[in-house]
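FYI, it's all coordinate maths here, none of it is from the lab. Bear in mind the structure is a predicted one, so any value in this text is a computation, not a measurement. Cβ placement follows ideal geometry from the backbone for every residue including glycine, while neighbour counts extend to all protein chains displayed.
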Amino acid sequence: MAITERRVGAYARLSLEDSRAGESVSIENQKLMLTKHAKEQGWKLVEIYCDDGFSGTNQNRPALQRMLHDIKQKRINTLLVKDLSRLGRNYLEVGNLAEVTLAPVKMVQYYFFIPFGISSTFLHGYEIYL
């Protein structure tokens, strides 16, 4: 079953240790990269979920919890994130999000190569099926 209309939730996070006064530079870059990619693909960007100053080891982040709720409510059907470490530092917990917390959600991972300034990166995308 293919997704015909992508309703994208973009997620950005940076821990307190790496932030500066106000919104961190990395958060700004993540949001710019994710927004640019969604726009280039012609996707509807529903919301940018942003947890600035929160550790990836803590799953009780406000924007993450709001995003999980929106996935369950079918508000978004595609998740876009710079890399898996933005969702969580513990890959077992990130897997738990997909397999247990969001069950019976099926998430299909894919990657986009993004040339970004002088460095390039891969964005992680997830199609979400309920």
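Database remark: amide H of Gly56 closer than 5 angstrom to the amide H of Arg89 (H placed geometrically; neighbours at sequence offset of 5 or more, or on other chains; Pro and chain starts carry no H). Fully extending the segment from Lys74 to Asn60 would add 3.0 nm, taking 0.36 nm per residue of separation and subtracting the current Cα-Cα distance. For Arg7, nonlocal amide neighbours, meaning residues 5 or more places apart or on other chains whose placed amide H falls under 5 Å from its own, are Asn77, Thr78. Using a Förster radius of 25 Å, what is the FRET efficiency between Asp83 and Gln41 based on their Cβ-Cβ separation? Nearest 0.05, please. The computed FRET efficiency comes out at 0.85.
Applying a 10 Å radius around every beta-carbon, put 49-58, 85-94 in order of their mean neighbour count, most first. Could you put the intermediate results ahead of the total?
On the way: 49-58: 17.8, 85-94: 16.0.
Highest to lowest by the protection proxy: 49-58, 85-94.
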